[in-house]
Each structure stands twice: as structure tokens, then as C-alpha cells.
Amino acid sequence: MKRLVLIVIVIAIPLCPGVRAQSSVDAAIDREIAQLVATYKMLHAAPELSHYEEKTSTFLAAQLRSFGYTVTERVGKYDRPQFNGYGVVAILKNGAGPTVLVRADIDALPVEERNDVPYASKVKAKNDSGQEVSVMHACGHDIHITSLIGTAKVMAALKDQWHGTLVLIGQPAEETVDGARAMLADGLYTRFPKPDFVVGLHDSADYEAGQVAYVPGYAMASSTSVDLTIRGLGGHGSKPEATKDPVVIAAQTVLALQTIISRENSPLDPAVVTVGSIHGGAKRNIIPDEVLLQLTIRTYKEEVRQRILASIERIARGVAAAAGLPDDRAPIMKVIESENAPSLYNDPQLSEKLANAIGKAIGPANVIKSNPLMASEDFGVLNLDHQIPSFYFWLGAMAPEKIAASRKSGKPLPSLHSSLFEPLPEPTLRTGVKAMTTAVLELMKK
Ligand SMILES: [Zn+2]
Ligand SMILES: [Zn+2]
């Protein structure tokens, strides 16, 4: 009888590329996470104000250089020449393919930290006016810097999985919304490769660490700062008939401006007009010559912004004319260009594609479609008025038990910019690096 020889053929089943990429991203993050948490704590204890990010940018540049990136420091030219640009641009070229820019903002805020953690900031520094103030990473830009460092290292380690040109930027002066513009003015898109896609993240006090949230389309509003000087004809407080009182005209103007949103703007176009500051006069019995109103205007659409600005001027001039002021004492309206930020628009298709990829990496239940805000930031500057498809997402940063306790008690958690804003380093940083690396790999994969 012939012996039956059983031959077992083992066929190696290769893992599909997506699974392979994910396991290598996870392994790379596992290797780096302890160091990233240490880096975050170091940065948190050493915050620097907008326009003064010298040590932070030097540290970031050295890190990125050590991973093999070509790094340029001090990128940024402000309108106000007294400020130095501390932007960092790091480039890793990896053959032909798309150019993707990842942005992290690096500045901190004039806030005195009240968190009881060993790495709490005790830093004091001089602000733009020369006053000494406490400084804190109260907006969590230290989470952003650390996530960028982690993404940089993982992308450098996984070079065999992607192609194209990766541009990482450390952007100064986000809180004063002039840093992105300063980097563009200093040749961000002419001296360095102009991106096909722009990606960024911001930590959030509204979501748990481990989660990501995103808003397709308009995600944040444009912000326009306006100074409105209401001029009058001053005189003695006992003799109003000999004056034109700018305090009364300013009061009427503030109320009249409320009709812009309620009566002139379409309810389908979200917009805000806030008079946040009113200053005039020195003494009870003096009618002053002028009163200064300071306003912030928020819109999504540029045409709505333009229409509101025109309405503010028309109404202010009309109220002054009604009070009997001559043309040469009409109100003066000044738009403070250096403080303006465009709206932040996430390309809807790109948003869904990248959110889907991030969902595969961190679990679809951890990716939440969220609502837009009327808050502003200058990330929108980098997509050149919607010309470059971009995606900006929220990175949950709160301990889950804190979110649960806040929901139970109805007491809101300290928000961004609070002296008590306290991100949970792990798993916020792990999720930040994983989500950002996944998004970038999705755009640059072979
Ligand atoms: Zn902020
Ligand atoms: Zn911020």
C-alpha cells in the first residue's frame, strides 16, 4: 500500500496594509509615550507669551532636527517690527507625492495657574506693555507641541509607508491671532513647499481624553476687532445745551448696533456684534470730547462680515448726525487688521475622509461630529481663504471621571483659558499623536 503523504502547505497571509500601518503606529507610540509625557510636563512648566516664544521654538526645532527634518527657525514677520518671529518650519522629503502641512501653535497666555500638579507653571514674564504677568499654557498649546513632536518622530520612523513632503510648523502668537499671518509674510508658502493639505488639532475641555471631535464645513468664526471713536463737543456738565454729549451718543449707538443682528442679518447666517469695552470721560461734571467703543464681530461668511462692518459705520454716523454733530465730528471707525482672524473652514469631504480614518485607529465611537463655535483662531489663515483643503479637529483632554462628575452636578469644567484648565496627559497625548499621524498617513500613504 502506498503511503499517503500529507503535505501541509502554509500560506503566509499578509496583513492588509491598513492593519500593518496601524500596528506600527501603535508600536511607535508605545516606544515614545513616556518621553512625550515628560516633554509635555517640561513644556507646561515653561510657558512663554505670544511674540516671545524663543525658548519653546528653540527646543521644538532641536527635537525635529534630531529626527532628521530640515529645520528653519525664526520664521515670522509681524506688522509691528518690535516683535521677533519665532516660527519653526521642519521639512521631511520622501519622494514624489503630496505636500502636507501640520500646524501646532506654541504660545501661552497671561494667566496665573491654580492647578495643584507638580509641573504647574510658576513663570512670570513681561507682556507687550512691559508689565510683569504670570504665564500659563492655559489653552493647552503644550499638548499641541508635544503631539507635533510625537507625530514627527512616528512619521520619520514609518517612512516606508508614505511618500511626499511633510511640512511641520510650530506657529507662534496664535492667542494674538497674528502668528500665522507673520509666518506667511515671511515666506511660509514661497521659501518652503506650499501645501496641498493643511491639518491641525486643538485640545478641548469638552471631550474626554481618548476622544476626537470634528466639524465639517465652518467650524469657527472669523473675528474682527473694531475701535469706534464717538466724537462729541465737550463742555461743562451743568450746561448740556452748549455741548454735544458723546456719552449719550455712545449709549444710543450701542443700542442701535443691536439691530444689526436682530433686524438686518439673516437668521441663517450666524453672526455676533459685541461691544466689549466703553471708555470716556474723566469727571462727573465734565462732558468729554469723545468716547471709545471697542467691538468684536464674529461671522462665518466673508460677505456677512463686510455687510456688518458697513452697517456699524452707517449706524454710528447716523446716530451722530441725528444728535446734530457736524460731518467733521462724525465717528471714526478703525478695523484693527493685526487682530483679525478669518473663519475656520474644514473641507467637508476631507473632514469625513480623515475622521473616518481616525475612527479606524481610535475606535469609531471615539470620533464625534461636533457643532461649530463662534470662537476664533488663526488656523484659517493657513488655507488661504479656502484655497487649500484643510482639516482642524478637537482633541479631548479631560479625565473621563471629571466629565462624568460635571454632567452629574451640572457644574461646567474649567474651560480653555481658565487658570484651572488641566488636561490629562495620558491618553490625550497618545490620542493626539495617533489621530494626527493617522490623518497624515491617510493623505500621504503609498
Ligand atoms: Zn486660546
Ligand atoms: Zn488655543
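The values are calculated or read from the model by the stated rules, or taken from the named source; none is laboratory data. Every value quoted in this text rests on a predicted model; they were computed, and no experiment measured them. Because the Cβ atoms are built from the backbone with ideal geometry, glycine has one as well, and the counts that use them run over all protein chains shown. Surface accessibility is based on the protein's heavy atoms, side chains included, excluding ligands, DNA and RNA. Shrake-Rupley method; radii C 1.70, N 1.55, O 1.52, S 1.80 Å.
In the chain, the DSSP-assigned H stretches of four residues or longer account for a calculated mean residue ellipticity at 222 nm of -11000 deg cm²/dmol, using -39500 (n - 2.57) per stretch and the full residue count as denominator. Within the range 74-145, the GluC sites (Glu not before Pro) that combine a DSSP coil assignment with at most 16 other C-beta atoms in a 10 angstrom radius are Glu112. Equivalent-ellipsoid semi-axes for the range 208-318 (Cα gyration tensor, √(5λ), whole Å, largest first): 37, 16, 9.
Treat every Asp and Glu Cβ in the range 293-422 as -1 and every Lys and Arg Cβ as +1, leave all other atoms uncharged, and give the resulting dipole magnitude about the Cα centre to the nearest 20 debye.
Values: 15 positive and 14 negative charges, 126 e Å.
Rounded to the nearest 20 debye, it is 600 debye.
The mean of 1/r over all pairs of different alpha-carbon atoms in the range 129-179, once inverted, gives a Kirkwood hydrodynamic radius of 13.7 Å. Counting only whole DSSP H helices of the chain, the ones at least 27 Å long by C-alpha along their axis and with mean Kyte-Doolittle hydropathy no lower than -0.5 are 17-44, 302-322, 425-444. At 1.4 Å probe size, with the rest of the protein present, what percent of the exposed accessible area of the chain is carbon and sulfur atoms? Of the solvent-accessible surface of the chain, carbon and sulfur hold 55 percent. Once the range 311-421 is represented by equal point scatterers at the alpha-carbon sites, with solvent omitted, what log10 I(q)/I(0) does the Debye formula produce at q = 0.16 Å⁻¹? Once normalised to I(0) and log-transformed, intensities are -0.95.
How large is the Rg to Rh ratio of the range 40-163 when both quantities use alpha carbon positions and Rh follows Kirkwood? Rg divided by Rh gives 1.02.
Taking other residues whose beta carbon is less than 13 angstrom from the beta carbon of Lys402, and scoring Lys, Arg as +1 and Asp, Glu as -1, yields -1. Percentage of Cα-Cα pair distances in the range 342-400 greater than 16 Å, rounded to whole percent? Pairs farther apart than 16 Å: 51 percent. As a ratio to 2.2 N^0.38 Å, the alpha-carbon radius of gyration for the chain is 1.17. Between Ser24, Ser266, Ser415, the GNM of the chain built on Cα springs shorter than 10 angstrom shows Ser266 fluctuating the most.
With bins 10 Å wide beginning at 0, the percent of Cα pairs of the range 247-391 falling in each bin runs 9, 30, 27, 17, 10, 5, 1.
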